[in-house]
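S.K.: Just dropping this structure here.
The values are calculated or read from the model by the stated rules, or taken from the named source; none is laboratory data. Given the structure is predicted, the values throughout are model-derived calculations rather than measurements. Ideal geometry is used to build each Cβ from the backbone, glycine not excepted, and the neighbour counts take in all protein chains shown. Side chains are part of the model used for accessible areas, which takes the heavy atoms of the whole protein and leaves out ligands, DNA and RNA. Shrake-Rupley method; radii C 1.70, N 1.55, O 1.52, S 1.80 Å.
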Amino acid sequence: MTRVTRDFANTMQKDAVPAVSADVIFNSSRFPNYKIGANNQIVEAKDDPKVLSMKEVVARETAQLLEQQKRLSVRDLASKFEKGLAAAAKLSEEARLRDAASLEKHVLLKKLRDALESLKGRVAGRNKDDVEEAISMVEALAVQLTQREGELLQEKAEVKKLANFLKQASEDAKRLVDEERAFARAEIDNARAVVLRVEEALQEQDRMSRGSGKQDLDELMKEVQEARRIKMLHQPSKVMDMELELRALRAQLAEKSKHSLRLQKELATSKRVVENSSHLFELDGHEALGSYLRIQPCSDNAPEMSKCLIQWYRVSAEGGKKELISGATKSVYAPEPFDVGRILQADIVSEGQQISLKTAGPIDPAAGLGSYVEALVRKHDVEFNVVVTQMNGRNYQSESIHVLHVGKMRIKLCKGKTTIAKEYYWSAMQLCGVRGGGNAAAQALFWQAKKGLSFVIAFESERERNAAIMLARRFAFDCNIILAGPDDTASLGN
């Protein structure tokens, strides 16, 4: 029989249970997370501060889905809900794994407590107190683990609820997608049917229009043929001869009229030359719109033009009323559209003696100007390239190209994108040909947009200048405004 001595008992205590220090400090009061590794080894999992809890992940995904629900289409919404459903399934799986891990923790805690209880009966003294303190800590960890399991169970219920919600939402989204797809297909079918009906109606209308047009053309051709037949039945040769004779007589009459007018002007010119043989001055220039008239001395005894006072007048073709042309006090005058059909007269006063010069006949219109203006009237706004020579009576510095817009309601002068002047037709506006100047007077006009703002504008040709004057006066007359030059309103109104 073996005898157990006191020394053997002390030796067993020292070899079996190592001393537990009383000043042990634990890093955390929370039970660490363990996982079962290879060969059934317990491995402690490291905490990742970046890994969010399952509750936070679910809340974030739910917030994102609700935020984007209004901006997503039905198909995108269904896709998002399906992704959310997959995420919920994944979270549910993670919760299941956590439950398994929690069960393993409970088993480990129970085994540890049993080991400590068995160890408690074998030790005594200070080591026994340490074992009791370890047992109390294990029990505290078990309580914490139970609380954590309760939270996990609550989160699991929330996840399950969210999964059911997402599943229902996914099914609703799929149903909406199917409804929208069916509705879109119905709309497409309706649109196709409408397009087919419209095409059929257009084809039917085209056939009817072709048939009616062909029928009208046939009827018109029948009427023309019937008229020709009736005309041929009633002495066709005599009718054709009479038409030819009438055309020849009309041409001869027009030629005789032109020749008569030309002879009258030549006779008046010759008379004027004879009468002016003893005079000091004469009028030189073509008496038609688009040209200019110049007073020239015809005698060596004629005084200098700079020392003479000159005034131009309009005289009616019947030789009656004489109207003063305000501002026309130069030796050169370019007729404007208002002078057509009237006689121009220039009075020259020198050393108390007055000399009157007249045109041989009324001022003739420019060829083709009327039809050109009629073509421009159809436009809402007509543009002319011009150059501004004077502004408010002073020479204009810039010689760049400007654009004069003559519209149905207003006149506008622009330089590129800059508007120099823009005024609607009103009683204070004035527009007429330049009354004086040199050879370019027939291409320039005077425009007073308002009181204190006037321009002298030069055009590219005489035709453009006269067309602009006639067009502006035509549009102004449509606005019940008489557009003329200085002091011409009263005469125009009469």
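S.K.: Taking the criterion of being closer than 23 Å to Gly285 by Cα, assigned by the TED database to the domain that holds Val382, open to solvent by 20 Å² or more (accessible area, probe 1.4 Å) and assigned to a loop (DSSP other than H, G, I, E, B), would at least one residue in the range 437-456 satisfy it?
M.R.: Yes, the conditions are met somewhere in the range 437-456.
S.K.: Tell me, which residue of the range 357-370 that is more than 13 Å from Arg465 (Cα to Cα) and among the aliphatic types (A, V, I, L, M) is surrounded by the most Cβ atoms within 10 Å (Cβ to Cβ)?
M.R.: So the residue we want is Ile363.
S.K.: So Gln397 ticks every box in (1) farther than 24 Å from Met470 by Cβ; (2) outside any loop (DSSP other than H, G, I, E, B); (3) open to solvent by 40 Å² or more (accessible area, probe 1.4 Å); (4) of a type outside the set (Ser, Thr, Tyr) but one. Which box is left unticked?
M.R.: It fails just one condition, (2).
S.K.: Aromatic (Phe, Trp, Tyr), farther than 30 Å from Glu56 by Cβ and either touching a residue at least 12 places away in the same chain (Cβ under 8 Å) or in the same structural domain as Lys90 (by the TED database) (or both) - does that describe any residue in the range 171-191?
M.R.: yes
S.K.: Out of everything in the range 371-394 that is out of contact with any strand residue (DSSP E or B) (no Cβ under 9 Å at 6 or more places or on another chain) and within 15 Å of Phe459 (Cβ to Cβ), what residue ends up being surrounded by the fewest Cβ atoms within 10 Å (Cβ to Cβ)?
M.R.: Across the range 371-394, the extreme among qualifying residues is Tyr372.
S.K.: Tell me yes or no: at least one residue of the range 127-135 is loosely packed, with under 15 Cβ neighbours inside 10 Å, free of Cβ contacts under 8 Å to residues at least 12 places away in the same chain and either among the aromatic types (Phe, Trp, Tyr) or not assigned by the TED database to the domain that holds Leu109 (or both).
M.R.: Looking through the range 127-135, none of the residues is loosely packed, with under 15 Cβ neighbours inside 10 Å, free of Cβ contacts under 8 Å to residues at least 12 places away in the same chain and either among the aromatic types (Phe, Trp, Tyr) or not assigned by the TED database to the domain that holds Leu109 (or both).
S.K.: Right, something else. Let me spell it out: the conditions are (1) more than 30 Å from Arg181 (Cα to Cα); (2) modelled with pLDDT of 70 or more, and Ala124 meets all of them except one. Which number is the exception?
M.R.: Result: Ala124 passes all but (2).
S.K.: Among the residues of the range 278-309, which ones are open to solvent by 70 Å² or more (accessible area, probe 1.4 Å) and touching a Phe, Trp or Tyr at 6+ places or on another chain (Cβ under 6 Å)?
M.R.: Pro297
S.K.: Answer yes or no: is there a residue in the range 361-378 that is in a strand (DSSP E or B), of a type outside the set (Val, Ile, Thr) and over 30 Å from Arg262 (Cα atoms).
M.R.: Within the range 361-378, none of the residues are in a strand (DSSP E or B), of a type outside the set (Val, Ile, Thr) and over 30 Å from Arg262 (Cα atoms).
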